[in-house]
Amino acid sequence: MRIVLIGNYPPDKQESMERFAQMMQTGFRNLGVTAEIWRPVVFFAKGASNTTVGLGKWLGYLDKWILFPLLLRWRLRAGHDTVRFHICDHSNAPYLGHLPYERTGITCHDVLAIRGAMGFDDAYCPASGFGKILQKWILGHLSRAKLLATVSKLTLKQLTELAPGHPTPQQDWRVIHNAFNGHFWPMPEDEARELLHQKGIRLPEPFILHVGSGMTRKNRRMLLDMAAKAGSQWTGTICYAGHALEDELTQLANSYGLADRVVSVTQPDHNTLVALYSLCQAFVFPSFSEGFGWPLIEAQACGAPVITSTIEPMPEVSGGAALYASPSEPIAFAEALLALQNETTRAEFIRWGFDNAANFESDRIMNAYLDIHTLAPVTVH
């Protein structure tokens, strides 16, 4: 059995969809399935320094939407009659029109951009005029997929609302949660502290942690708001890992008198991220909008108690093994943090988090993908 995975453009190893494609390739191979990744080649945009803005973006579109479909059709002429195909990212749904309908599946990670383009404010993804056209084109192809996996129940519900009449009886759409795209474990305290020391990261404990970008929907200011509401009852450090701290948040920290209690760790490598998860007093994920929310299960696998939004899919993904609060209510988030100062409560959420994280191990998820491609599950000893 052989499966071809369709990856993203360009193959940026730090980008989550590239890591997802790599996870699927490794997962299939671990189950004894031959798997390879086909990606659009950088040709027209070869000299561009950035393919997300300006001229480079339009040259990248030539590579993605003109050149790569031609290459797909050329490669399919060479055979591949028994090969299964799987598109790793819903934003590449137009490739469905160039691949065998009955033997091609796709993973839909979210419909945030599509909903944003259609005017849904709760997606927190506004679109340009061209973006609205592009997302409508993507939705049109996505709605015709024969085999489709969404990474959460919420995403499947939203997709079916956007595509009335789908799935039809001939279409197989189901929920297959994401698996871990790396190894996450509770790093011993001494090892974690030494690693951070070697990286030059000075992070007084206790600290709360957020992992992610500065996009509005990530709601990073909540960590400052909740610390301000907690007042003298919690005097720890606030750590932001991922994108550098925005000037707006720096100014807010100053206004709250929290500037000396904020640490930003920009683009941490994997082991540094594991160390941060393993040492934090709590992982705080107050998002307004997500398709899945990988950091939730990463934190749980590292033994961090989680405080997150009441908004789906956060409760679904965290499996009820977290403290929940409205992402618009800093006092509720502060109360959840203070509740974790009780060691018995903290230990319970850590244990429940480990139990939930076990549901997202690769073999279990990859067998679900074998099933959607009508292949027998594989037991790995």
Members of region 324-334 that are under 24 Å from Thr235 (Cβ atoms) and over 20 Å from the mean Cα position of the chain (by Cα): Ala325, Glu329, Pro330, Ile331, Ala332, Phe333, Ala334
Residue within region 6-16 that is surrounded by 14 or more Cβ atoms within 10 Å (Cβ to Cβ), among the polar types (S, T, N, Q) and at pLDDT 85 or above present: yes
Filter result (open to solvent by less than 40 Å² (accessible area, probe 1.4 Å) and either under 18 Å from Lys64 (Cβ atoms) or free of Cβ contacts under 8 Å to residues at least 24 places away in the same chain (or both)) within region 118-137: Ala127, Gly131, Leu134, Gln135
Those residues of region 45-64 which are open to solvent by 40 Å² or more (accessible area, probe 1.4 Å) and touching a residue at least 12 places away in the same chain (Cβ under 8 Å), in sequence order: Leu59, Leu62
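Residues are listed down the side, and each one gets a yes or a no for (1) in contact with a strand residue (DSSP E or B) (Cβ under 8 Å, 6 or more places away or on another chain); (2) more than 30 Å from Asn30 (Cβ to Cβ); (3) not β-branched (Val, Ile, Thr):
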{"residue": "Thr107", "(1), (2), (3)": "yes, no, no"}
{"residue": "Leu134", "(1), (2), (3)": "no, yes, yes"}
{"residue": "Ala145", "(1), (2), (3)": "yes, no, yes"}
{"residue": "Thr168", "(1), (2), (3)": "no, yes, no"}
{"residue": "His183", "(1), (2), (3)": "no, no, yes"}
Residue match in region 233-247 (condition: in contact with a Gly (Cβ under 6 Å, 6 or more places away or on another chain) and either farther than 30 Å from Gly291 by Cβ or in a loop (DSSP other than H, G, I, E, B) (or both)): yes
All helices (runs of 4 or more DSSP H) inside region 1-87 with 2 or more residues being of a type in the set (Lys, Arg) and on the phi > 0 side of the Ramachandran plot: none
Any hit, region 219-228, residues being open to solvent by 20 Å² or more (accessible area, probe 1.4 Å), more than 27 Å from Cys125 (Cα to Cα), in a helix (DSSP H, G or I) and in contact (Cβ under 8 Å) with a residue 40 or more places away in the chain: yes
Check on Glu361, surrounded by fewer than 16 Cβ atoms within 10 Å (Cβ to Cβ), out of contact with any Leu (no Cβ under 7 Å at 6 or more places or on another chain), in contact (Cβ under 8 Å) with a residue 60 or more places away in the chain and of a type in the set (Asp, Glu): yes
Near pairs, Cβ below 9 angstrom, 6+ apart or cross-chain, from region 255-284 (at positive phi and surrounded by fewer than 18 Cβ atoms within 10 Å (Cβ to Cβ)) to any residue that is of a type outside the set (Asp, Glu) and not in a strand (DSSP E or B): Gly257/Ala228; Gln267/Gln14; Gln267/His243; Gln267/Ala244
Unique residue being more than 26 Å from the chain's Cα centre (by Cα) and loosely packed, with under 15 Cβ neighbours inside 10 Å when the list is Glu161, Glu189: Glu189
Residue selected from region 235-248 under the condition at pLDDT 95 or above, surrounded by fewer than 19 Cβ atoms within 10 Å (Cβ to Cβ) and closer than 24 Å to Ala299 by Cα, by the criterion nearest to the chain's Cα centre (by Cα): Gly236
Filter result (in contact with a Phe, Trp or Tyr (Cβ under 8 Å, 6 or more places away or on another chain) and aliphatic (A, V, I, L, M)) within region 310-335: Ile311, Met314, Val317, Ala321, Ala322, Leu323, Ala325, Ala334
Residue in region 107-117 that is out of contact with any Phe, Trp or Tyr (no Cβ under 9 Å at 6 or more places or on another chain), surrounded by fewer than 15 Cβ atoms within 10 Å (Cβ to Cβ) and modelled with pLDDT of 95 or more present: no
Inter-residue pairs, beta-carbon under 6 Å, first at positive phi and in region 318-330, second in a helix (DSSP H, G or I) and surrounded by fewer than 22 Cβ atoms within 10 Å (Cβ to Cβ), 6+ apart: Gly319/Asn356
Residues of region 290-305 satisfying the condition of being over 19 Å from Met23 (Cβ atoms) and either touching a Leu at 6+ places or on another chain (Cβ under 6 Å) or open to solvent by 20 Å² or more (accessible area, probe 1.4 Å) (or both): Pro305
Members of region 309-319 found to be over 15 Å from the mean Cα position of the chain (by Cα) and crowded, with 21+ Cβ neighbours inside 10 Å, listed by number: Ser309
Qualifying residue in region 167-174 (condition: at pLDDT 95 or above, in contact with a His (Cβ under 6 Å, 6 or more places away or on another chain) and either open to solvent by less than 20 Å² (accessible area, probe 1.4 Å) or of a type in the set (A, V, I, L, M, F, W, C) (or both)): no
Subset tally (residues that are part of a helix (DSSP H, G or I), out of contact with any Asp or Glu (no Cβ under 9 Å at 6 or more places or on another chain) and open to solvent by 20 Å² or more (accessible area, probe 1.4 Å)) for region 192-217: 5
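The values are calculated or read from the model by the stated rules, or taken from the named source; none is laboratory data. Keep in mind the model is a prediction, meaning the values are calculated, not measured. In this analysis, Cβ positions are derived from the backbone assuming ideal geometry, glycine residues included, and neighbour counts consider all displayed protein chains. The protein model used for the area step is the full one, side chains on, heavy atoms only, and it has no ligands, DNA or RNA in it. Shrake-Rupley method; radii C 1.70, N 1.55, O 1.52, S 1.80 Å.
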